[in-house]
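A quick write-up on the structure given underneath.
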Amino acid sequence: AAESAALLQRRQAHFARPQKNYYAEPPQIERGWREFLVDVEGRTYLDMVNNVTILGHGHPRLAEAVHRQWQRLNTNSRFHYAAVAEFSERLAALAPDGLDTVFLVNSGSEANDLALRLAWAASDARNMLCLLEGYHGWSVASDAVSTSIADNPRALTTRPDWVHPVMSPNTYRGPFRGPGSTRDYVAAVAPVLEDLDAKGQGLAGFICECVYGNAGGIPLPPGYLQQVYAMVRARGGLCIADEVQVGYGRLGHHFWGFEQQQVVPDIITIAKGMGNGHPLGAVITTRAIADALEKEGYFFSSAGGSPVSCVVGMTVLDIMQDERLQENACVVGDHLKRRLEALGQRFPLVGAVHGMGLYLGLEFVRDRETLVPATEETAAICDRLLQLGVIMQPTGDYLNVLKIKPPLCLSRENADFFVDMLERVLSEGW
Ligand code: PMP
């Protein structure tokens, strides 16, 4: 323990402070296996929060494939090699018809920056709509369209003039509640567009997640995106679906988040799970939109689309398929959601369980009528869960939502262990 504390001090001395740790006194993690992490003292933790390692930690087949590719070749996409063609083909095959062209980058932020640039180039306009309470990354443009107070408290005051946030269609906390609120939330978009029309300004596009990630996995109201996409496209704008967190099978019931809203975007961005922790991101769009970037010259990313990255991406897809991980997310996720909802019958602190598949958010409130967020309680519950061997963190603008986004290989038994531990903590007096 003393050595671990000394190491933490060394981290604090030379590693940037804004790149924060989970926990004030974090366990020092040494290795991982499936949905488990093991610390230097040999304690095992159930990782219920890491939404990047979708296959689970330490997957031997992925490690072997990377090792083999590193020994053979790693270079950049200006060279001609098989992996970049093969991986692009596979990503295009996963996307809806017509979205057949792929850019390969290294992160979700980069993918979203590139998506914005594509929309600017293809539309010859600059203005971009985004949703309040959204998060799209830390790079300059992706940050400009990010409005989540928890992730970026200053964003609301420092936004450039091309960004136009619209009311978040949050059916739990917003001014309009429930699945019948679609019309009111769509109506809230209209004045922003009318203002642009009145000024004679064009619209480049609209970026959003199709299930609200940072608000804890709240689905958009039914039909919302069909209507908003139509309004955006009527003005020549492009619709960007940020699938960095929600896409790639995590929802269980759908591979893509936009399927939930029965829409097809013009541009899809992905990252996180597609690399299982290896830096990997992509933009999938139409040939015409991709080609619009030629106006600005060419696009290049030093490591984006490298042979190693492509092999990681293809191996992740192979393993997902062979281990039927999307199906597991559906079955185990539904079971987990039912058990969490049952906790709500016993503990008034449980306001709601949002989301689907292994993309869930359990929201704690002090009062189910006024929805006062139970922020301090949520932090204390997460600390107590750590003592019981569960890694869990708060999310949401009020940090009162448990971010339940484990590896997609989570077993039913371990989902039960998580709920049992949560039940135990709640029984202790919340
Ligand atoms: N979009 C969404 C929805 C995200 O959740 C994140 C990461 N939390 C990003 C974009 C940014 O991805 P990255 O951290 O890989 O840059």
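On the given criteria, is M314 surrounded by 15 or more Cβ atoms within 10 Å (Cβ to Cβ) and either within 14 Å of N106 (Cα to Cα) or within 16 Å of the ligand (Cβ to nearest atom) (or both)? Answer is no for this residue.
Could we say that A63 is within 18 Å of G275 (Cβ to Cβ) and either in a helix (DSSP H, G or I) or away from the ligand (no atom under 16 Å from the Cβ) (or both) here? Criteria met by A63.
The set of residues in the stretch 267-284 that are within 11 Å of the ligand (Cβ to nearest atom), under 25 Å from A122 (Cβ atoms) and not small (G, A, S) comprises T269, I270, M274, L280. Scanning for something surrounded by fewer than 14 Cβ atoms within 10 Å (Cβ to Cβ), of a type in the set (D, E, K, R) and not in a loop (DSSP other than H, G, I, E, B), does the stretch 67-84 turn up at least one residue? Scanning the stretch 67-84 turns up at least one residue that is surrounded by fewer than 14 Cβ atoms within 10 Å (Cβ to Cβ), of a type in the set (D, E, K, R) and not in a loop (DSSP other than H, G, I, E, B).
Table: residues versus (1) assigned to a strand (DSSP E or B); (2) touching a helix residue (DSSP H, G or I) at 6+ places or on another chain (Cβ under 6 Å); (3) assigned by TED's automatic domain parsing to the domain that holds A352; (4) surrounded by 12 or more Cβ atoms within 10 Å (Cβ to Cβ).
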position: S148; (1), (2), (3), (4): no, no, no, yes
position: N152; (1), (2), (3), (4): no, no, no, yes
position: H164; (1), (2), (3), (4): yes, yes, no, yes
position: N170; (1), (2), (3), (4): no, no, no, yes
position: G174; (1), (2), (3), (4): no, no, no, yes
position: R177; (1), (2), (3), (4): no, no, no, yes
position: A187; (1), (2), (3), (4): no, no, no, yes
position: G200; (1), (2), (3), (4): no, no, no, no
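Take the residues in the stretch 143-177 that are charged (D, E, K, R) and within 11 Å of the ligand (Cβ to nearest atom), then tell me which one is modelled with the lowest pLDDT. Checking each candidate, the answer is D151. Where strands (runs of 3 or more DSSP E) fall wholly inside the stretch 235-325, the ranges with 3 or more residues that are in contact with an Asp or Glu (Cβ under 8 Å, 6 or more places away or on another chain), of a type outside the set (V, I, T) and at pLDDT 95 or above are 238-242. Taking the stretch 1-60 as the region of interest, the strands (runs of 3 or more DSSP E) fully inside it that hold 3 or more residues being farther than 24 Å from P394 by Cβ are 29-33.
Here's a check for you: in the stretch 210-243, which residue that is crowded, with 19+ Cβ neighbours inside 10 Å and without any contact (Cβ under 8 Å) to a residue 40 or more places away in the chain is nearest to the ligand (Cβ to nearest atom)? Only one residue tops the list, namely E243.
Considering only residues of the stretch 121-142 that are surrounded by fewer than 21 Cβ atoms within 10 Å (Cβ to Cβ) and over 16 Å from C210 (Cα atoms), which is farthest from the ligand (Cβ to nearest atom)?
The extreme case among them is D124.
Residues in the stretch 91-117 that are within 19 Å of S302 (Cα to Cα) and assigned to a helix (DSSP H, G or I): G108, S109, E110, A111, N112, D113, L114, A115, R117. The number of residues in the stretch 386-417 that are surrounded by fewer than 23 Cβ atoms within 10 Å (Cβ to Cβ), in a helix (DSSP H, G or I) and either touching a Cys at 6+ places or on another chain (Cβ under 9 Å) or in contact (Cβ under 8 Å) with a residue 40 or more places away in the chain (or both) comes to 5. Scanning the stretch 91-120 for residues that are hydroxyl-bearing (S, T, Y), within 10 Å of the ligand (Cβ to nearest atom) and touching a helix residue (DSSP H, G or I) at 6+ places or on another chain (Cβ under 8 Å) gives a single hit, S109.
Output yes when any residue across the stretch 285-301 is more than 19 Å from the chain's Cα centre (by Cα), within 16 Å of the ligand (Cβ to nearest atom) and in the same structural domain as R68 (by TED's automatic domain parsing), and no when none is. The answer is yes, given that some residue of the stretch 285-301 is more than 19 Å from the chain's Cα centre (by Cα), within 16 Å of the ligand (Cβ to nearest atom) and in the same structural domain as R68 (by TED's automatic domain parsing).
The values are calculated or read from the model by the stated rules, or taken from the named source; none is laboratory data. Values in this document were obtained by computation on a predicted structure and should not be read as measured data. Every residue, glycine among them, receives a Cβ derived from its backbone with ideal geometry; neighbour counts consider all protein chains shown.
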